[in-house]
Amino acid sequence: MKRWYELLMDDHTMTEKVFAAMEKAFESPTAPDRETVSSMLDYIVGYVEACHNRKEEEHLFPLIEERGIPSQGGPLAVMLAEHEQQRDLVAAIKSHGEAFVGGDATALDALKATFDQYQTLCKDHYWKENDILYPMAIKVMSDEDEAAVIRGIEAVEASLGEDVRKRYYDLAENLASAKEVKDLSVDVDRDLMAAILNTLPVELSFVDADDTVQYFSHEDHDKIFPRSRSVVGMKVHNCHPPKSVHKVEAILSDFKAGKRDSAEFWIDFRGMKVYIRYFPVRDKAGRYLGCLEVTQDVTAIQQLKGEHRLLDDA
Ligand SMILES: [Fe+2]
Ligand SMILES: [Fe+2]
């Protein structure tokens, strides 16, 4: 059977695993999954705050205070003050985290910043408890005191439902072992990727989230609407005739607000039926990265009749 301080130190170890997993998720160039953030919130609020800190505050700290370790000044006072700071940070993490999980991608920066302060504080706090406060407590506690703290730990856990510790430890392990799923394109050579984009039977242009032209495909090919490299870096408003610029701005603002997922037009141009579509480009968390324009000559597609199977050429 584990001693009381081993149980509390196991909690610290598990929580540090969650911190390491989240740090990795926040450092990734793409935003973390909402599910990952939601699990972290559950762990911090439901276990660290509602369970671990309560075990200490309700059963360990009062007992060692009775045994002569003062709660004013000294390590116990520091631990209590740090629990207060943790509580404030958890409230902030919870509000930014819930906004992010609810679809507000702009909450990510504040979430990362508060998480960072919180984990720095907690790691330092755990070290002080493991190496200073707990050894100090062991010295003043009798066997009966130790048994009472264990009973207290069990009572707090039981008050939160069945197998609460196992449930949260499993959640921590899952977060820690979650494999980073990278998009397959990550390992594709850049020149190959450029060649693939230039082979698509559609022409692409991309303007970033600040409405600045970043890219267009088929640079050295015949294009439906010829354009030169000088458009890169230009604001999209300067690339459209004044007559239609307000329409472009309305589409972009709808994309940014998440109000629509495409806009399409088709025109007759030099004997072709040209189909032009706009799509908002978003990351996994739904954050707007820019707008993709896809232009296609659909004349031949419109004229398709019957079938032409691969085997017909054999
Ligand atoms: Fe603590
Ligand atoms: Fe602790």
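The values are calculated or read from the model by the stated rules, or taken from the named source; none is laboratory data. Here the structure is a predicted model, which means the values were calculated and not measured. All Cβ positions, even for glycine, are placed from backbone atoms using ideal geometry, and neighbour counts span all protein chains on display. These area figures cover heavy atoms from the full protein model, side chains too; ligands, DNA and RNA do not enter into them. Shrake-Rupley method; radii C 1.70, N 1.55, O 1.52, S 1.80 Å.
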Pairs, first farther than 16 Å from Phe61 by Cβ in the stretch 147-160, second among the hydroxyl-bearing types (Ser, Thr, Tyr), C-beta under 9 Å, six or more apart = Leu160/Tyr47
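Among the residues of the stretch 23-35, how many are closer than 19 Å to Val186 by Cβ and either buried (at least 18 other Cβ atoms within 10 Å of the Cβ) or not basic (Lys, Arg) (or both)? Give the steps one after another, and end with the answer.
Of the stretch 23-35, the ones closer than 19 Å to Val186 by Cβ are 24-33.
Restricting the remaining residues to those that are either buried (at least 18 other Cβ atoms within 10 Å of the Cβ) or not basic (Lys, Arg) (or both) gives 25-33.
Residues meeting the conditions: 9.
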Residue check, Gly103 against (1) farther than 30 Å from Leu289 by Cα; (2) part of a loop (DSSP other than H, G, I, E, B), all met but one. Which one?
-> (1)
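Among the listed residues Ala91, Ala77, Ala20, identify the single one that is more than 14 Å from ligand 2 (Cβ to nearest atom) and open to solvent by less than 30 Å² (accessible area, probe 1.4 Å).
Ala77 is the lone residue from the list that is more than 14 Å from ligand 2 (Cβ to nearest atom) and open to solvent by less than 30 Å² (accessible area, probe 1.4 Å).
Can you confirm whether the stretch 5-16 contains a residue that is open to solvent by 30 Å² or more (accessible area, probe 1.4 Å) and aromatic (Phe, Trp, Tyr)? I'd like the intermediate steps shown before the answer.
If we filter the stretch 5-16 for residues that are open to solvent by 30 Å² or more (accessible area, probe 1.4 Å), which is where we start, we get 5-6, 9-10, 13, 16.
Filter once more, keeping what is aromatic (Phe, Trp, Tyr): 5.
Yes.
So is Glu203 surrounded by 12 or more Cβ atoms within 10 Å (Cβ to Cβ) and either more than 22 Å from Pro280 (Cβ to Cβ) or not assigned by TED's automatic domain parsing to the domain that holds Tyr278 (or both) or not?
Details: surrounded by 12 or more Cβ atoms within 10 Å (Cβ to Cβ): yes; either more than 22 Å from Pro280 (Cβ to Cβ) or not assigned by TED's automatic domain parsing to the domain that holds Tyr278 (or both): no.
No; evaluated as a whole, the condition is false for this residue.
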Please find, among Asp116, Asp124, the residue that is open to solvent by 40 Å² or more (accessible area, probe 1.4 Å), under 22 Å from Glu27 (Cα atoms) and within 12 Å of ligand 1 (Cβ to nearest atom).
-> Asp124
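In this structure, is Ala20 within 29 Å of the chain's Cα centre (by Cα), within 15 Å of ligand 1 (Cβ to nearest atom) and either within 21 Å of Lys123 (Cα to Cα) or free of Cβ contacts under 8 Å to residues at least 24 places away in the same chain (or both)?
On the way: within 29 Å of the chain's Cα centre (by Cα): yes; within 15 Å of ligand 1 (Cβ to nearest atom): no; either within 21 Å of Lys123 (Cα to Cα) or free of Cβ contacts under 8 Å to residues at least 24 places away in the same chain (or both): yes.
Spelling it out, it is not the case that Ala20 is within 29 Å of the chain's Cα centre (by Cα), within 15 Å of ligand 1 (Cβ to nearest atom) and either within 21 Å of Lys123 (Cα to Cα) or free of Cβ contacts under 8 Å to residues at least 24 places away in the same chain (or both).
Is it true that Lys284 is basic (Lys, Arg) and modelled with pLDDT of 95 or more? Explain how you work it out, then say what you get.
Values: basic (Lys, Arg): yes; modelled with pLDDT of 95 or more: no.
Answer is no for this residue.
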For the stretch 127-137, indicate whether the set of residues that are in contact with a Ser or Thr (Cβ under 8 Å, 6 or more places away or on another chain) and under 19 Å from His59 (Cβ atoms) is non-empty.
-> no
Pick from the stretch 54-69 the residues that are of a type in the set (Asp, Glu) and surrounded by fewer than 18 Cβ atoms within 10 Å (Cβ to Cβ): which of them is farthest from ligand 1 (Cβ to nearest atom)?
-> Glu66
Could you pull out every one of the strands (runs of 3 or more DSSP E) wholly within the stretch 213-314 that has 1 or more residues that are open to solvent by less than 70 Å² (accessible area, probe 1.4 Å) and of a type in the set (D, E, K, R)?
-> 272-282, 288-297
Does Phe26 meet the test of being assigned to a helix (DSSP H, G or I) and either within 25 Å of Leu175 (Cα to Cα) or more than 16 Å from ligand 2 (Cβ to nearest atom) (or both)?
-> yes
For Met136: the one exception among (1) open to solvent by 40 Å² or more (accessible area, probe 1.4 Å); (2) within 26 Å of the chain's Cα centre (by Cα); (3) not β-branched (Val, Ile, Thr) = (2)
All-but-one check, Phe61 against (1) within 23 Å of Arg167 (Cβ to Cβ); (2) part of a helix (DSSP H, G or I); (3) over 12 Å from the mean Cα position of the chain (by Cα), failing number (1)
Residue list for the stretch 153-174, filter: assigned to a helix (DSSP H, G or I), more than 15 Å from Tyr43 (Cβ to Cβ) and open to solvent by 60 Å² or more (accessible area, probe 1.4 Å) | Glu154, Ala158, Ser159
